[in-house]
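Right, one structure below, let's go through it.
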Amino acid sequence: MSQTSGPAVANPPAGGDGGSPGRPRPSRWLRIRRELTGYFLVAPALLFLILLTVYPLMRTVQMSFTDFKAGEWIFVGLDHYREALDDKWFWNSVRAVVAFTVPALVLHLLLGLGFALLLNETWFSTGLRNFMRGLLILPWVFSTPASALMWALLLHQTGPVNFVVVRILGQSAPIPFLAGSPRLAMSSLVAINTWLSYPFFMIVILGGLQAIPPELYEAAKVDGANALKRFRHVTLPQLRTILLAVTTIDFIFTFGQLDLVQLLTRGGPLRRTETITYYVYKTGMLDGNLGYGSAVSTMMLLTLLVLIVIYVKMLSRGGDSGETSF
């Protein structure tokens, strides 16, 4: 009695990639062609990035070691860096940029987070909440030069703010917000920059709040957590990545702010609002000392990189365990 064997199973093709049996794999030349096509498609963007960022950066670093004399560039080594470290006005600009950046960044975060939390709540009127969202985002519509011009008119000695101060509040004389005391001028710059920049925080944080699962808050309520504890143990850990990204971006832009200083105070009074960015612009572009200005720019870039790395490492602690380091 003969036994009938089962159907023979065909062996998979050698070197198969897990696809359908009998389907040929793309040839090596076809894979290379596909990769080259991808590089070709992104080449214009990469070329644009290199021309506008990488090349100017490398050229700035190169110029920081040279000086323009007698119609040609002369290599001077680290002379410009030593000159900057011995220059009192360089250190004055460092103090000014710290006095401008730190309070502005804190106010951006506090106002943006506060408004985002407020707009994320359930209101008695959805239409009113949507109206407030549009109203609070309004400062972001204005460009920096337009905002500077508007606030310069508002804070002028004959402007609306001083009209209220003198005619309604009974002040004896108008307040020179931008040309009076150095502390008042710096405070005015910080306030204007805060008004201009907080919507960026508000929008990004509001998007992050709306992405938090409601079940986390419900579980926290069941465990007896009050509003403060829910904010501390649910909201902040869920917003860690967003806050890290948005504060890093805002720190770079605030540290390098030039337009407001140039249009409103031009470093005055007594050069107390002369931030390091305006100092670079003044020495490099207005005074024509390109080598020295490039050296200060390079030092500013290196300082930014170090501060950002330290900040990211500090804020990212506990990321694997799920605990926040705020």
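Every number in this text was worked out from the coordinates using simple rules, so none of it is lab data. If you're wondering where the values come from, they're calculated on a predicted model, not measured in any experiment. FYI the Cβ positions are ideal-geometry reconstructions off the backbone, even for glycines, and counts take in every protein chain you see.
So here's what we get for this one:
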| read-out | value |
| --- | --- |
| Ascending count of other beta-carbon atoms within 10 Å, so fewest first, for TRP123, TRP29 | TRP29, TRP123 |
| Top of VAL309, VAL97, VAL261 by mean-square fluctuation, Gaussian network on the chain, Cα under 10 Å | VAL309 |
| Gain on full stretching of the segment that runs from LEU286 to GLU121 - 0.36 nm per residue minus C-alpha separation | 54.4 nm |
| Max mean-square fluctuation residue, GNM over the chain, Cα-Cα springs under 10 Å, options VAL94, VAL61, VAL222 | VAL222 |
| Most positive-pole-ward Cα, ASN162, LEU239, PHE253, against dipole of region 79-315 from beta carbon charges | ASN162 |
| Reach of LYS282 by Cα under 16 Å, taken over lysines that are not fewer than 8 positions away in the same chain | LYS88 |
| Extreme residue, positive dipole direction of the chain, given options MET150, VAL61, TRP89 (C-beta unit charges) | MET150 |
| Lys, Arg +1 and Asp, Glu -1 on Cβ, resulting dipole of region 79-315 about Cα centre, debye, nearest 20 | 480 |
| Gaussian network model of the chain, Cα within-10 Å springs - most flexible of LEU41, LEU138, LEU78 | LEU41 |
| Proximal charge balance of MET299 [Cβ under 14 Å; K/R count +1, D/E count -1] | -3 |
| Ranked HIS156, HIS108, criterion: other C-beta atoms within 10 Å, fewest first | HIS156, HIS108 |
| Region 227-270-region 204-221 distance, computed between alpha-carbon centres (Å) | 22 |
| Length-normalised contact order for region 79-315 - Cα pairs under 8 Å, 6+ apart - percent | 31 |
| Anisotropy class of the chain from Cα gyration tensor, a/c 1.5 cut | oblate |
